[in-house]
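Undergrad: I have a structure here, written as structure tokens, and I will follow up with some questions on it.
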Amino acid sequence: MALLDIKNLTLEISGSTGWMKALDKVNLRIEEGEIRALVGESGSGKSLIVRAIVGAIPDNWRITADRLTWRGRDLLTISRSERRKIMRSEIAVIFQNPVSSLDPSATLGEQLMESIPRQIVADTWFWQRRKKRLQIAIKLLHKVGIKDHQKYLHAYPHQIADDIAQKFLIACALVSSPQLLIADDPTRGMEITTKIQVLKLLSQLNKTRNLSILFVSHDLLAISSMANKMTVLYCGQTVEDGKMVQLRKRPLHPYTKALLDSAPSFRKDLPPKSPLTTLDGTIPTLQHLPIGCRLGPRCPRAQKECVKVPELRHVQDHFYSCHFPLIREKE
Amino acid sequence: MMLTQIIRKFNLLILTLFVLSILSFLLVYLFPGDPLVNLTGLENLSPEAHQKLAEIHGFDHSYFYQYWLYLTNLLEGEWGFSFSSGNPLWREIMQTLPASMELSAYALLFSLLIGVPFGFIAGFQHYKLSDYSLLTASVVGYSIPVFWLSLILILVFSLQLGWFPLSGRLSLLYDIPHQTGFIFIDIFLSDVEFKNDAAKSAVQHLILPTLSLTIVTASIIFRLTRRSVIDVMSSQYIQTAYTRGLSGLQVVMRHGVRNALLPIIPLFGMQFAVLLTNAMIVEVIFSWPGIGNWLIQAIFQRDYPAIRAGMLAVSTLVIILTVCTDLLANLINPALSGDRRAQI
Ligand SMILES: Nc1ncnc2c1ncn2[C@@H]1O[C@H](COP(=O)(O)OP(=O)(O)OP(=O)(O)O)[C@@H](O)[C@H]1O
Ligand code: SF4
Ligand SMILES: [Mg+2]
């Protein structure tokens, strides 16, 4: 059974022009022990998927899905406290903007120590618990690569650099030994050395603790070094989904191809100094979504049929939704 | 860091008070009539006495010198005399200002006791019926004119029901000597026989004016708190705190309450200024012997020295209180105190 299984997730936001489908029939599946990458341009709705999974969605948005289950339990129908319990012990999440994920008026130490569940310190007397918590906190900080714990435990969020905040949130996420870690853009704006550190840490956790990871990122290089599977999102629609190696070798969807082509190091056949082949134009806003395939206006292969929404099709376990996929080229 | 904060605020305070003293000095010249009379409050002077006063106050020197003398006099408590009563203004102000402060302080206290808890309730019940009902009630409370409310309260509770006295601060039966100007302290310090009865009478006199002031201010504080709670509870760190595994109560107590209160504490301080203005109106209606009532009488009687001194006293008080709450808010807010974005 998959850990997380999402089928046809649709999220509608009410705006001045009525309901806008910010996510349209999104599919996503995470198996035990795998690292799945979720990629797409800025504004394609990656963070919205993350928020839909963890339930951090405002009450006035409309969310529907054929399936949104965690280990077989329907996340949309279980009670709020049940859901919180799952979030507490089984799913950990690192939101996109690390500094705004931290309470500005509490020190990092307080926030890390209060995340440590009571059962972990239950076998000690209550006057020893603070000390025990502190020990655990320091150990966690060392694990994520923060060596100078004295300096940071008493610091407030506005006093620390973004990459420290990011590592700190990873430490918070690891406290409860979750089965799934959702990391939304965890390497944004990091220097290359810290980035490698964080990526290494995540892969290591995946191997040693069998931690599944949903890795949301723009950074194709980072993704290809880590992920087993990849889901490509465009404008709130999943356009392609499959094994990382397969997708890299032979993308079926024009958007995936453009995305891969925009990262030069992905193409070995690239002649030197050739212009980058990326798509024209920019991602449409939610108020001006094209009908049918949302890539239509920017797609080099678009034809008349594309005003109808393409069905989800698959070649073995490689899913795509496009009327004119790139397989036909070969024929 | 803390010290620089204090010094910075203190500089601001001194500077504002300085500007204020200049403005009040200008009033001496701007009010109609003889500037010397406006300054001292002494009327019908003989030519010799006039000459002598002009010398004392530097009227044969430059304006700067006059201002300098004015400032030293202010600091020494020589604020001139009232036209109407002929008493020293400093003494009159020291008798009336505490009464106003007392009234405003109780009103602020009750407004906080009512506004803040209901603000939290409404903020947590956002978009629910209880939120909308409280919000509606606050709009009503907010838009009722203070003087109208006071009159209605008098009509119902004093004239119809006879529960509370109509006006004044204390029943005339009790003669409490003026010491601090704060009625309960004065009653306590005095050696009259019926201290308890006097205090009871003081409470009874206090209820209606306090109530009139509280309704408006509590509505404002309610709205500030509610907004702040809604903002904080929808912020990302609260969402994250839930996903970090804290229970609902823990999130609210550890992260919600503090962050909701921190930004609005300086706003509470500013309410005191509004409150003092409203208190002046209420004082007139309830014949409360406070600075507002006194100032209005001064305006009616064109008592220019008293107007000048009264305005100076009230604005000084407001400024000191505003700066102090601002400073307090900065000191208790870790995100504001200390160097911003001093990354370690
Ligand atoms: N609170 C909101 N209200 C209205 N629209 C929103 C809100 N949050 C996001 N959106 C819209 O939803 C779309 C997807 O946003 P999202 O933040 O998920 O993008 P993203 O893929 O995470 O981008 P990035 O890579 O920059 O993080 C955007 O068009 C955005 O304008
Ligand atoms: S369905 Fe049409 S428009 Fe959409 S990606 Fe395929 S070819 Fe392009
Ligand atoms: Mg995002």
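The values are calculated or read from the model by the stated rules, or taken from the named source; none is laboratory data. Being a predicted model, the structure only gives us computed values, none of them experimental. Cβ coordinates were reconstructed from backbone atoms using ideal geometry, including for glycine residues, and neighbour counts include every protein chain displayed. Side chains included, ligands, DNA and RNA excluded: accessible areas come from the protein's heavy atoms. Shrake-Rupley method; radii C 1.70, N 1.55, O 1.52, S 1.80 Å.
Undergrad: So which helices (runs of 4 or more DSSP H) are wholly in the range A:150-264 and hold at least 2 residues that are within 14 Å of chain B (Cβ to nearest Cβ)?
TA: By residue number, A:162-174.
Undergrad: Out of A:LEU28, A:LEU4, A:LEU9, A:LEU48, which single residue is surrounded by 18 or more Cβ atoms within 10 Å (Cβ to Cβ), within 11 Å of ligand 1 (Cβ to nearest atom) and hydrophobic (A, V, I, L, M, F, W, C)?
TA: A:LEU48
Undergrad: Taking the conditions exactly as written (of a type in the set (D, E, K, R) and outside any strand (DSSP E or B)), does A:ARG29 satisfy them or not?
TA: No, not satisfied.
Undergrad: Among the residues of the range B:88-96, is there at least one that is without any contact (Cβ under 8 Å) to a residue 24 or more places away in the chain and touching a strand residue (DSSP E or B) at 6+ places or on another chain (Cβ under 7 Å)?
TA: Yes - at least one qualifying residue is present in the range B:88-96.
Undergrad: Output the residue which, of all residues in the range A:59-74 that are within 14 Å of another protein chain (Cβ to nearest Cβ) and modelled with pLDDT of 85 or more, is nearest to the chain's Cα centre (by Cα).
TA: Selected residue: A:TRP70.
Undergrad: Could you tell me whether the range B:280-289 includes any residue that is within 30 Å of A:ASN97 (Cβ to Cβ) and either away from every other protein chain (no Cβ under 14 Å) or basic (Lys, Arg) (or both)?
TA: Within the range B:280-289, not a single residue is within 30 Å of A:ASN97 (Cβ to Cβ) and either away from every other protein chain (no Cβ under 14 Å) or basic (Lys, Arg) (or both).
Undergrad: Can you work out which of the residues in the range A:100-113 that are in a helix (DSSP H, G or I), buried (at least 19 other Cβ atoms within 10 Å of the Cβ) and not polar (S, T, N, Q) is farthest from the other protein chains (Cβ to nearest Cβ)?
TA: Filtering first and then ranking leaves A:GLY109.
Undergrad: How about the range B:167-259: which helices (runs of 4 or more DSSP H) wholly inside it have at least 1 residues that are within 14 Å of chain A (Cβ to nearest Cβ) and either open to solvent by less than 50 Å² (accessible area, probe 1.4 Å) or at pLDDT below 90 (or both)?
TA: B:195-233, B:236-243
Undergrad: Tell me, which residue of the range A:137-149 that is in a helix (DSSP H, G or I), more than 25 Å from the chain's Cα centre (by Cα) and within 14 Å of chain B (Cβ to nearest Cβ) is surrounded by the fewest Cβ atoms within 10 Å (Cβ to Cβ)?
TA: A:HIS149
Undergrad: I would also like to ask the following. Examine the range B:264-279 for a residue that is under 30 Å from B:LEU331 (Cα atoms), open to solvent by 20 Å² or more (accessible area, probe 1.4 Å) and within 14 Å of chain A (Cβ to nearest Cβ), and state whether such a residue exists.
TA: Yes, because at least one residue in the range B:264-279 is under 30 Å from B:LEU331 (Cα atoms), open to solvent by 20 Å² or more (accessible area, probe 1.4 Å) and within 14 Å of chain A (Cβ to nearest Cβ).
Undergrad: Considering each of A:GLN237, A:GLN204 in turn, give the residue that is touching a residue at least 12 places away in the same chain (Cβ under 8 Å) and open to solvent by 20 Å² or more (accessible area, probe 1.4 Å).
TA: A:GLN237
Undergrad: Given the criterion more than 16 Å from ligand 3 (Cβ to nearest atom) and without any contact (Cβ under 8 Å) to a residue 24 or more places away in the chain, identify the matching residue among A:GLY18, A:GLY72, A:GLY55, A:GLY33.
TA: The unique qualifying residue is A:GLY18.
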